[in-house]
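Colleague: Pasting a structure below so you can have a look.
The values are calculated or read from the model by the stated rules, or taken from the named source; none is laboratory data. Since the structure is predicted, the reported quantities are computational estimates derived from the model, not experimental observations. Heads up, the Cβs are rebuilt from the backbone with ideal geometry, glycines too, and the neighbour counts pull from every protein chain shown. Each accessible area value is taken on the protein alone, full model and side chains, heavy atoms only, with ligands, DNA and RNA left out. Shrake-Rupley method; radii C 1.70, N 1.55, O 1.52, S 1.80 Å.
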Amino acid sequence: MKQNLTIIMLIILTPFIIKAQSGKADSFRPGEIWPDDQGIHINAHGGGILYHNGVYYWYGEHKTEGPGGNRANVGVQVYSSTDLYNWKNEGVAMAVVDDENSLIVRGCVIERPKVIYNRKNNNFVLWFHHELKGMGYTAAKTGVAVSNSPTGPFQYLGSINPNPGIWPLNFTEEQKNSTYPDNMKSWTPEWIQAVKDGMFVVRDHKKGQMARDMTLFVDDDGKAYHIHASEENLTLHIAELDEDYTAFSGRYVRILPAGHNEAPAIIKRNGKYVMITSGCTGWDPNPARSAIASHIFGPWQELGNPCIGEGAEITFDSQSTYIIPVAGKPDYYIFMGDRWRPKNAIDGRYIWLPLEFDGDKPILRWYSEWSIP
Ligand code: GAL
């Protein structure tokens, strides 16, 4: 009897013992420590995914311990995976430098790096939100780098405020010619109206527009877009890139003016563009938002908070960064969010959840452990 019980226990437990020994993960556990191939918590925050030749590459902010850990002390980190559960550390894709004359000097801010593949040049193009060392978040630039390999090293080309001297496509003559009083008091009805009308676009017309939280999107026709929080984080800009993906083409629109959206993440589904964003509360979580459009340049229709259930009002303690279309699984997407830990940034956690849909409306529910079906 006792012997039988031992045999039964062995039959039940063996698969778990084998799994534990091989160290291979076969599920997502949002919010928990996520060990890489060396057993170290993945260090790729504010990340984005590139799928290329059967391999997923996860690029993100390399954070460090303690105060100052949110600054770029190392650079952009990259991991690779074929199953999305198990990630190999591929090292630093774009390293910061010690030359104080370089804009990517150690101690600047490099956030939300995203990489896309350019078919024309057979190379990889990295863009990232870039703030200059010692200048807080005032520069609001976007930086670009290129590499012949998905794992780098990426060569830094420069950083800009997008589209200097160029008006948005959806800006009227009246908007272009409007003038606004200096130092309007923020958040008054007049100020909100002025923001909607494009006060900050006019202000930044000459020098180029602000670009903070950003993402990239490549459409079916090969056109690539840089989507960023502009106008003091109050209005999103969707800006087309040129054929090399290394510069702005000059075609861009403002969407959801004065909507105060950041952390944009976008997919194309059933011919429509679906976007998830957050509100603007720094490292603290807030309710996510969603929107849909038939053309990437809009009009965009707001669909509200995609989250349902406990924790929905704080996006399950996370902020959007990317949505992964899962290869070989039509209409299957994974929401990627960050649970920031500003006091010890390296301990930031990853909230990956299946992005479900109710018709056209994206839905996010909490699962403490789940797998791709
Ligand atoms: C958040 C933004 C993050 C980071 C942070 C800094 O709003 O989404 O990427 O910039 O602010 O406070």
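Colleague: What pairs can you find where one residue is in the stretch 256-277 and touching a residue at least 12 places away in the same chain (Cβ under 8 Å), the other is part of a loop (DSSP other than H, G, I, E, B) and more than 16 Å from the ligand (Cβ to nearest atom), and their Cβ atoms are less than 6 Å apart, with a gap of 6+ or different chains?
Modeller: From the stretch 256-277, the pairs are 272/294; 273/296.
Colleague: Would you mention how many residues in the stretch 288-300 are without any contact (Cβ under 8 Å) to a residue 60 or more places away in the chain, of a type outside the set (Gly, Ala, Ser) and more than 15 Å from residue 170 (Cβ to Cβ)?
Modeller: Looking only at the stretch 288-300, we keep the residues that are without any contact (Cβ under 8 Å) to a residue 60 or more places away in the chain, and these are 289, 291, 293-295, 299-300.
Then drop every residue that is not of a type outside the set (Gly, Ala, Ser), which leaves 289, 295, 299-300.
Among the residues that remain, those that are also more than 15 Å from residue 170 (Cβ to Cβ) are: 289.
The total comes to 1.
Colleague: Quick one: which residue in 250, 222, 208 is in contact (Cβ under 8 Å) with a residue 40 or more places away in the chain, more than 14 Å from the chain's Cα centre (by Cα), within 30 Å of residue 68 (Cβ to Cβ) and more than 16 Å from the ligand (Cβ to nearest atom)? Write out each step before concluding.
Modeller: Numbers: 250 fails: within 30 Å of residue 68 (Cβ to Cβ); 222 fails: within 30 Å of residue 68 (Cβ to Cβ).
Of 250, 222, 208, the one residue that is in contact (Cβ under 8 Å) with a residue 40 or more places away in the chain, more than 14 Å from the chain's Cα centre (by Cα), within 30 Å of residue 68 (Cβ to Cβ) and more than 16 Å from the ligand (Cβ to nearest atom) is 208.
Colleague: Which one of these is assigned to a loop (DSSP other than H, G, I, E, B) and away from the ligand (no atom under 15 Å from the Cβ): 354, 362, 330? Please lay out each step first, then the result.
Modeller: Values: 354 fails: assigned to a loop (DSSP other than H, G, I, E, B); 362 fails: assigned to a loop (DSSP other than H, G, I, E, B).
Going through 354, 362, 330 in turn, just one is assigned to a loop (DSSP other than H, G, I, E, B) and away from the ligand (no atom under 15 Å from the Cβ): 330.
Colleague: Does residue 51 satisfy the criteria of being open to solvent by 40 Å² or more (accessible area, probe 1.4 Å), outside any loop (DSSP other than H, G, I, E, B) and under 24 Å from residue 320 (Cα atoms)? Full working, then the answer.
Modeller: Values: open to solvent by 40 Å² or more (accessible area, probe 1.4 Å): yes; outside any loop (DSSP other than H, G, I, E, B): yes; under 24 Å from residue 320 (Cα atoms): yes.
Here the answer is yes, as residue 51 does meet what is asked.
Colleague: Another one. Checking residue 235 against (1) within 16 Å of the ligand (Cβ to nearest atom); (2) more than 29 Å from residue 342 (Cα to Cα); (3) polar (S, T, N, Q): exactly one of these is not met. Which one?
Modeller: Here residue 235 clears every test but (2).
Colleague: Look through the stretch 285-303, keep the residues that are open to solvent by 30 Å² or more (accessible area, probe 1.4 Å) and touching a Pro at 6+ places or on another chain (Cβ under 9 Å), and return whichever of them is farthest from the ligand (Cβ to nearest atom).
Modeller: Selected residue: 303.
Colleague: Checking residue 281 against (1) without any contact (Cβ under 8 Å) to a residue 12 or more places away in the chain; (2) in a helix (DSSP H, G or I); (3) of a type in the set (S, T, N, Q), only one condition comes out false. Which one?
Modeller: That leaves (2) as the condition not met.
Colleague: Let me ask something else about it. Return the residue satisfying two criteria in turn: it lies in the stretch 253-284 and is among the basic types (Lys, Arg) and surrounded by fewer than 16 Cβ atoms within 10 Å (Cβ to Cβ), and of such residues it is farthest from the ligand (Cβ to nearest atom). Talk me through it step by step, then tell me what you get.
Modeller: Step one: of the stretch 253-284, the residues among the basic types (Lys, Arg) are 254, 268-269, 272.
Remaining after also requiring surrounded by fewer than 16 Cβ atoms within 10 Å (Cβ to Cβ): 268, 272.
Numbers: 268: 23, 272: 25 Å.
Among those that are among the basic types (Lys, Arg) and surrounded by fewer than 16 Cβ atoms within 10 Å (Cβ to Cβ), it is 272.
Colleague: Still on this structure, please answer the following. Pick from 245, 180: which is of a type in the set (Phe, Trp, Tyr), out of contact with any Leu (no Cβ under 6 Å at 6 or more places or on another chain) and within 27 Å of residue 319 (Cβ to Cβ)?
Modeller: Values: 180 fails: within 27 Å of residue 319 (Cβ to Cβ).
245 is the lone residue from the list that is of a type in the set (Phe, Trp, Tyr), out of contact with any Leu (no Cβ under 6 Å at 6 or more places or on another chain) and within 27 Å of residue 319 (Cβ to Cβ).
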